[in-house]
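Enquirer: Here you go, one structure.
Each reported figure results from applying straightforward, stated rules to the coordinates on display, with no laboratory input. Because the structure is predicted, anything quoted here is derived from the model rather than measured. Here the Cβ positions follow ideal geometry from the backbone for every residue, glycine too, while neighbour counts run over all protein chains shown.
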Amino acid sequence: MHIGQHAPAEHVIAHVSDTHVGAGTTVYGRIRAAEQLRTVMDRIVEIAPDAIVFTGDVADAGESAAYETVRSIVEPAADRIGAEVVWVMGNHDARAPFARHLMGVEADPDAPLDHVTELDGLRIVAIDTTIPGYHDGRLSAAQLDWLRDVLASPAPHGTVLAMHHPPIPSHMPLMTVIELADQHQLAEAVEGTDVRVILAGHYHYSAHSTLGSVPVHVGSSTCYVVDTGADPRGMHAVDAPVAFDLVHVHADRVVHSSVPVSPGALVLDYPVESLDHVSAMTAEVRRETFARASADIDAIALVRGDTLGG
Ligand SMILES: [Fe+2]
Ligand SMILES: [Fe+2]
């Protein structure tokens, strides 16, 4: 059973971006990107989503050793929970080793790694926005034709489009140097189709926007983050708390939630048994117990499962 007015999501996706794992232990002089990915995967195993989508910059410099490290962390975790893994190329990735080590296929470095994953009626389309040798992004006319072809027949639960370069503006002028070119062409290709949301990365900060009528969600990075509050004439990458996202795909909408990779100190604790007790209450008792402003929330939170509601 569920409580609340919305039925549970039909599909749950973990959206991880810009892991930037290197061939060595650290990247950018201090960041243990592989260790941070290991923590991310531990959290994802607990969440057990239906799919895990990596929106690019999986490796920091396209190194085979980095992809092997990533695969050794991600594959066993995904297998344990039976989650599909969707790999999307980023500008720090290199197509041939990316395809070989992560996807188990040989790829022509000049051919974009575009592919489709079917997830119980939900279609996840991965499109490769990279340009070998450059950090900005584009989609070729052939890729847009391919996308139009794929989207010509709708999927039962619609489509999630996953890409690295976000098709949205940035308030940081320096970001525009490495943005996706000709975003209006993608807007035309997805308008009126069953694309329900676009997932992207690349900016290393969380952002929400739209492309035409399609929502766009940009995930942050699990490696380093760009300080969005800094003077936008510069660009400051910082070793600050990192996050990934949960994407709950409901029948009528999509909800994104940010998950802290390191949850921090516990200050208020509702034990996991709480839900069983709360579910057994009538809606009226539940509201009086938890929603009344005068309820002692600390006392409720600290009550353990064996006495809660008991
Ligand atoms: Fe990145
Ligand atoms: Fe990037």
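Enquirer: Multiply the residue separation of residue 131 and residue 210 by 0.36 nm, subtract the distance between their alpha-carbon atoms, and state the gained length in nm to one decimal.
Expert: 26.1 nm
Enquirer: Now for a different question. At a Förster distance of 35 Å, what's the computed FRET efficiency of residue 116 paired with residue 240, Cβ-Cβ distance as r, to 0.05?
Expert: About 0.50, to the nearest 0.05.
Enquirer: Ok, one more. For 146, 87, what's the fewest-to-most ordering of other Cβ within 10 Å of each Cβ?
Expert: In order of increasing Cβ crowding within 10 Å: 146, 87.
Enquirer: Roughly how many Å is it from the Cα centre of segment 154-227 to that of segment 12-35, as a whole number?
Expert: Each part's Cα centre sits 21 Å from the other's.
Enquirer: Let me ask something else about it. Nearest 5 percent is fine: what portion of the DSSP beta bridges confined to segment 11-260 is antiparallel?
Expert: Bridges in segment 11-260 are about 55 percent antiparallel.
Enquirer: Here is a further query. Which semi-axes, in whole Å and largest first, does the equivalent ellipsoid of segment 11-260 have when worked out from the alpha carbon gyration tensor as the square roots of 5 times its eigenvalues?
Expert: The answer is 24, 21, 19 Å, longest axis first.
Enquirer: Per-residue counts of other Cβ atoms within 10 Å, averaged by peptide: what ranking do you get for 218-228, 22-32, highest first?
Expert: Going by the mean number of other Cβ atoms within 10 Å, highest first, we get 218-228, 22-32.
Enquirer: Tell me, what ³J(HN,Hα) does each residue in segment 197-204 have, in order and in whole Hz, if you take phi through Karplus 6.51 cos²θ - 1.76 cosθ + 1.60 with θ = phi - 60° and put x for Gly and Pro?
Expert: Along segment 197-204, the couplings run 7, 10, 9, 9, x, 6, 7, 6 Hz.
Enquirer: Hey, another quick one. How big is the dipole moment of the chain about its Cα centre under a simple scheme where the beta carbon of each Lys and Arg is +1, that of each Asp and Glu is -1, and everything else is neutral? Debye, nearest 20, please.
Expert: 420
Enquirer: Which one of 261, 47, 167 has its Cα pushed farthest toward the positive end of the charge dipole of the chain, where Lys and Arg give +1 and Asp and Glu give -1 at the Cβ?
Expert: Going by the charge dipole, the pick is 261.
Enquirer: Starting from one equal scatterer on each C-alpha and no solvent at all, send me the Debye-based log10 I(q)/I(0) for segment 51-109 at q = 0.21, 0.22, 0.27, 0.29 Å⁻¹, two decimals.
Expert: The Debye formula, applied to the Cα set alone, gives -0.75, -0.82, -1.16, -1.28.
Enquirer: Residue-wise, which Karplus ³J(HN,Hα) couplings in Hz belong to segment 286-291, taking 6.51 cos²θ - 1.76 cosθ + 1.60, θ = phi - 60°, and x for glycine or proline?
Expert: 4, 5, 5, 7, 10, 9
Enquirer: Now for a different question. Which residue, 62, 132, 243, has the largest displacement toward the positive end of the dipole of the chain when charges sit on each Cβ (Lys, Arg +1; Asp, Glu -1)?
Expert: The one lying farthest along the dipole's positive direction is 243.
Enquirer: Let me ask you something else. For residue 253 and residue 185 in the same chain, what is the full-extension length gain: residue separation times 0.36 nm, less their Cα-Cα distance, in nm? Please list the in-between numbers first.
Expert: Working: separation 68, 0.36 × 68 = 24.48 nm, distance 2.48 nm.
The residue 253-residue 185 span can extend by a further 22.0 nm.
Enquirer: Select from 253, 100, 148 the residue whose mean-square fluctuation is largest in a Gaussian network model of the chain (Cα-Cα springs shorter than 10 Å).
Expert: 253
Enquirer: May I ask you to order 164-174, 257-267, 109-119 by the average number of other C-beta atoms within 10 Å around their residues, highest value first?
Expert: Per-residue Cβ counts within 10 Å, averaged per peptide and sorted highest first, yield 164-174, 109-119, 257-267.
Enquirer: Which of these, 234, 90, 212, has the largest mean-square fluctuation under a Gaussian network model of the chain (Cα springs below 10 Å)?
Expert: Among 234, 90, 212, the largest GNM mean-square fluctuation belongs to 234.
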